[in-house]
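Single-structure report; data block below.
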Amino acid sequence: MLKIYGKVEDGTKAEIMGWVLSIREQKTLAFIIIVDNRKQVQLVVNDIKLLNHVRQNAVISASGTVKKTTQAPGGFEIHVNELRLISKVKKEPPFNIMAKELPSIDLRLDNRALDLRRPYNLDLFNIRATLIRSMREHLYSNGFLEVNTPKIIASASEGGAALFPLMYYDKQAFLAQSPQLYKEELTMPFEKVFEIGPIFRAEPSRTLKHLSESVSLDVEAAFFTNEDLMNLIEGLVKDLLSDIWESSSDLLMRIKAPKLNLPERFNRFTYGKIIDWLSENGRKINFGDDLGQKDLELFGSHINDFYFITEWPIKLKPFYIQPKDSEVTLSFDLMYRELELSSGGERVHDPSILRKNLKGAGLPLKSFRHHLIPYYYGMPPHGGFGMGVERFLMTVTGADNIREVSLYPRDVRRLTP
């Protein structure tokens, strides 16, 4: 907490409380960097006797006078005449948050609250907050209503086995894979909705791009075609990048975030054209096979910016995706190079087709009985998409491990802290 009693100019009285990021002692004075509300402020202590028991990570309060200088964070420093130790460091930390060489990510995650004090993380999660705020503002400005859907559900949203089961009183329930079915139903009364919230996927693999609990932006809109949806998400991405670089350029430069290639219009490549290109470049893919990581890396390095993969085969998409014909769907994935950022498309709104698709996917109709009911009361044509917040943040910041951009990541090996 910083209080400056007047303008930021030489001689103005100031008080501050925060935790110590670093201490640099000289013979007759010391420089302390203290963190106040995620921002760094430099203190100059002319009487080193005041430093009694003050160490890195301690919580202190100080009062003194302001001195303007371009050498200090924020353009000023506080020359201290009183300093009080509020919370003493009672144990040697397992690593130095200011060290040039970091310990393993597992050690840092085991001590995550300490790790989050690193300047890199202070900047990164400020950027994340800006990103989420910009998502909301863009969708609000386009007439979308923010909603919250249940995270304890009775059956799978998308089928499959990647579910976390739990007991709900005397019944079995699951953590939601996505808000998919609820957001579709909500287009009936509200037309255009979005949600930013957690999703849970019990996938046993542990990669640099997957989490068991992540945050997703989910969007659904009545009367939106596949092209409308791609235009919406393209405009969203461009606005997000513009907002982040306009408001947080200093943070992005400090963490050495990459300048992303942003084409005037995101290219659209059908799944069929991509497998043809891969075949011409030594990767034989049969129509209907999923694109593997090596396939996406090869094609992604060829494109080197944002693009869409459209018209995925029916067998590769969930039961609720609208078919275009007997082979492909009205669907898309948004990619940056080889990384999938978003998946979406038009949805089935005819209950007879939805029932047929559920049977074809081997899913019991009784488990989706409540979801089918609204479709008999005039369900509008609709479509939408989901975008992983952590994956988009990885792209923006250049992080190569998704655990770095999650406050407390959860994966197949990590349930604590």
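The values are calculated or read from the model by the stated rules, or taken from the named source; none is laboratory data. Source: prediction; values computed, not measured. Here Cβ is always computed from backbone atoms with ideal geometry, including for glycine, and neighbour counts include all displayed protein chains.
Okay, residues lined up against (1) modelled with pLDDT under 95; (2) at negative phi; (3) buried (at least 17 other Cβ atoms within 10 Å of the Cβ):
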| residue | (1), (2), (3) |
| --- | --- |
| Asn52 | yes, yes, no |
| Ser61 | no, yes, no |
| Val66 | no, yes, yes |
| Phe76 | no, yes, yes |
| His79 | no, yes, yes |
| Leu83 | no, yes, yes |
| Ile86 | no, yes, no |
| Pro94 | no, yes, no |
| Leu109 | no, yes, yes |
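Regarding region 391-399, can at least one residue be identified that is in a helix (DSSP H, G or I) and either hydroxyl-bearing (Ser, Thr, Tyr) or touching a Pro at 6+ places or on another chain (Cβ under 8 Å) (or both)?
Yes, because at least one residue in region 391-399 is in a helix (DSSP H, G or I) and either hydroxyl-bearing (Ser, Thr, Tyr) or touching a Pro at 6+ places or on another chain (Cβ under 8 Å) (or both).
What's the number of the condition Thr70 fails, among (1) in contact with a strand residue (DSSP E or B) (Cβ under 7 Å, 6 or more places away or on another chain); (2) in the same structural domain as Gly6 (by TED's automatic domain parsing)?
(1)
Could you check region 118-173 and list, in sequence order, the residues that are surrounded by fewer than 18 Cβ atoms within 10 Å (Cβ to Cβ) and of a type in the set (Lys, Arg)?
Arg133, Arg136, Lys151, Lys171 - these are the residues of region 118-173 that are surrounded by fewer than 18 Cβ atoms within 10 Å (Cβ to Cβ) and of a type in the set (Lys, Arg).
Within region 293-305, can one find any residue that is farther than 23 Å from Val396 by Cα, assigned by TED's automatic domain parsing to the domain that holds Gly386 and hydroxyl-bearing (Ser, Thr, Tyr)?
No, the conditions are met nowhere in region 293-305.
What pairs come up if the first residue lies in region 282-305 and is in a loop (DSSP other than H, G, I, E, B), the second is charged (D, E, K, R) and surrounded by fewer than 17 Cβ atoms within 10 Å (Cβ to Cβ), and their beta carbons are under 6 Å apart, counting only those six or more places apart or on different chains?
Final answer for the pair search is Gly288/Lys315.
Say we look at region 46-89 and pick out the residues that are in a strand (DSSP E or B) and of a type in the set (D, E, K, R); which of these is farthest from the chain's Cα centre (by Cα)?
Among them, the one singled out is Glu82.
Can you find, within region 1-22, the residue that is farthest from Gly64 (Cα to Cα) among those that are in a strand (DSSP E or B) and of a type in the set (D, E, K, R)?
Checking each candidate, the answer is Lys3.
Can you pull out every residue in region 257-281 that is part of a strand (DSSP E or B) and surrounded by 15 or more Cβ atoms within 10 Å (Cβ to Cβ)?
Arg268, Phe269, Thr270
Out of all the residues in region 326-385, which are of a type in the set (Ser, Thr, Tyr), touching a residue at least 24 places away in the same chain (Cβ under 8 Å) and in a loop (DSSP other than H, G, I, E, B)?
Tyr377
Go through (1) out of contact with any Pro (no Cβ under 7 Å at 6 or more places or on another chain); (2) over 19 Å from Leu341 (Cβ atoms) for Glu185 and report which single condition fails.
Glu185 satisfies every listed condition except (1).
How many residues, within region 364-390, are buried (at least 21 other Cβ atoms within 10 Å of the Cβ) and among the basic types (Lys, Arg)?
The qualifying residues number 0.
Quick grid of which residues meet (1) buried (at least 16 other Cβ atoms within 10 Å of the Cβ); (2) under 25 Å from the mean Cα position of the chain (by Cα):
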| position | (1), (2) |
| --- | --- |
| Asn304 | no, yes |
| Asp333 | yes, yes |
| Lys359 | no, no |
| Val396 | yes, yes |
| Asp411 | yes, yes |
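I'd like to know if region 116-130 contains one or more residues that are in a loop (DSSP other than H, G, I, E, B), within 30 Å of Ser22 (Cβ to Cβ), touching a residue at least 60 places away in the same chain (Cβ under 8 Å) and not polar (S, T, N, Q).
Within region 116-130 (the criterion being in a loop (DSSP other than H, G, I, E, B), within 30 Å of Ser22 (Cβ to Cβ), touching a residue at least 60 places away in the same chain (Cβ under 8 Å) and not polar (S, T, N, Q)), the answer is yes, since at least one residue qualifies.
The conditions are (1) at pLDDT below 95; (2) at positive phi, and Gly6 fails exactly one of them. Which is it?
Of (1) at pLDDT below 95; (2) at positive phi, only one is false for Gly6: (1).
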